[in-house]
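> Mind having a look at this structure? Questions to follow.
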Amino acid sequence: MSSNSLVRGDSADNSQVELIPITPKLLAMNRAGAQAAAISPALLAYQPEPYVIGAGDTLYITVWDHPELTSPAGPQQQTLANGRLVRSDGTLFYPYVGSIKVAGMTIEDLRQAISSKLAAYVEKPQVDVSVIGYGSQRVLLQGAFVKTDPQPITAVPLTLSQVLGTATINTEQANLSGLVLTRDGHDYHLDLDALNGDKSLAQDIYLKPGDRLFLPYNDRQEAYVMGEVMRPMAISFKTADLTLTQALGRAGGLNPTTAKGNAVYVIRGMEDLEQAPAKVFQLDAQSPAAFALADQFMVKPGDVVFVGPAGVTRWNRLLTQLLPLSGLISNAASANYNLGH
């Protein structure tokens, strides 16, 4: 065999590659090292506090048996017409009470404050307060959602699953494994596909005012299938669990005429191939166990799946093809990072 052939232990360009056969032992080690999608305990531990009134909210204040206080615009008007907007300085005006600072109060706090003030003018006032327009506390959304309008935090606790249901995920373009929830300056990374495995988890995550949800697009998160396959292509990731079998299947499988069965490689670490060695995982597709191994080997974003031609596969030829591609992958990775930040 030529000294330039791609075989384990080859010295040609050895500083740039580490050749690793895909074996049951390797897969067992990967499974042992893999961690299940974990949710930060801080997210699960958060419990919403009673709603706090803020500037921009619209309140409806009812004083029973006193329609002149409850509906000054007239009972025939819609409820909103009799609502009272909390001004930008956090105050509102109410008859016999005057200007009162309501921002930062709970609904119960305000009910008691108005009742206390009115007691000097109304015998045993019975007061009820409700929020009919929420404008002070919101959750912000960006990325691969159909609707990215800010969603209000209301008196009813808001869960992650409710926000996602209202926003509607663009399933064709979204990277479901890359949701980022930003809270109080900290980024929490969530895998929505993994969360779907436990239906209760997304329902258990409550959102708080000021939370930001960013769902990245999958157009910059790709693996590349090259060489002797029926349809060389770039594969976008919707989820984190793309197997080698799936990657080859999307490319139409190995070319039965020109492909070399034991020359199926997964090259990982292409972002900086000229500076650091890449790992090259080799699958012997001629082995009867190859299908089981390929179905358990996970392809990652940025990987290059290369199927060599029948005959001698030369590493220098492969490297010549991969070096320009490594620059493209590095640029795409950098652009994706900048987009998310």
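The values are calculated or read from the model by the stated rules, or taken from the named source; none is laboratory data. From a predicted model like this one, the values you see are computed outputs, not experimental measurements. Here the Cβ is made from the backbone with ideal geometry for all residues, glycine too, and neighbour counts use every protein chain on show. Note: accessible area is taken over every heavy atom of the protein model, side chains too, but ligands, DNA and RNA are not part of it. Shrake-Rupley method; radii C 1.70, N 1.55, O 1.52, S 1.80 Å.
> Just to verify a result, which residue in the stretch 119-158, among those that are aromatic (F, W, Y) and closer than 30 Å to P95 by Cβ, is most open to solvent (accessible area, probe 1.4 Å)? Reasoning before the result, please.
The first filter runs over the stretch 119-158 and keeps only residues aromatic (F, W, Y), leaving 121, 134, 145.
If we keep only those that are closer than 30 Å to P95 by Cβ as well, we get 121, 134.
Values: Y121: 140, Y134: 67 Å².
Per the criteria, the residue is Y121.
> If I ask for residues that are open to solvent by less than 30 Å² (accessible area, probe 1.4 Å), at pLDDT 85 or above and touching a helix residue (DSSP H, G or I) at 6+ places or on another chain (Cβ under 9 Å), which ones from the stretch 27-61 would you list?
L43, Y51, I53, T58, L59, I61
> Going by the conditions given, is S161 closer than 30 Å to T239 by Cα and either hydroxyl-bearing (S, T, Y) or surrounded by 14 or more Cβ atoms within 10 Å (Cβ to Cβ) (or both)?
Details: closer than 30 Å to T239 by Cα: yes; either hydroxyl-bearing (S, T, Y) or surrounded by 14 or more Cβ atoms within 10 Å (Cβ to Cβ) (or both): yes.
It is true that S161 is closer than 30 Å to T239 by Cα and either hydroxyl-bearing (S, T, Y) or surrounded by 14 or more Cβ atoms within 10 Å (Cβ to Cβ) (or both).
> Checking E172 against (1) surrounded by fewer than 19 Cβ atoms within 10 Å (Cβ to Cβ); (2) within 27 Å of Y96 (Cβ to Cβ); (3) not aliphatic (A, V, I, L, M), which test does it fail?
(2)
> Which condition breaks for S116 when tested against (1) at negative phi; (2) crowded, with 17+ Cβ neighbours inside 10 Å?
The one condition S116 does not meet is (2).
> Within the stretch 67-77, can one find any residue that is open to solvent by 40 Å² or more (accessible area, probe 1.4 Å), more than 30 Å from V299 (Cα to Cα) and modelled with pLDDT of 85 or more?
Looking only at the stretch 67-77, we keep the residues that are open to solvent by 40 Å² or more (accessible area, probe 1.4 Å), and these are 67-68, 72-73, 75-77.
Then drop every residue that is not more than 30 Å from V299 (Cα to Cα), which leaves 67-68, 72-73, 75-77.
Next cut, modelled with pLDDT of 85 or more only: 67-68.
The answer is yes; a qualifying residue exists.
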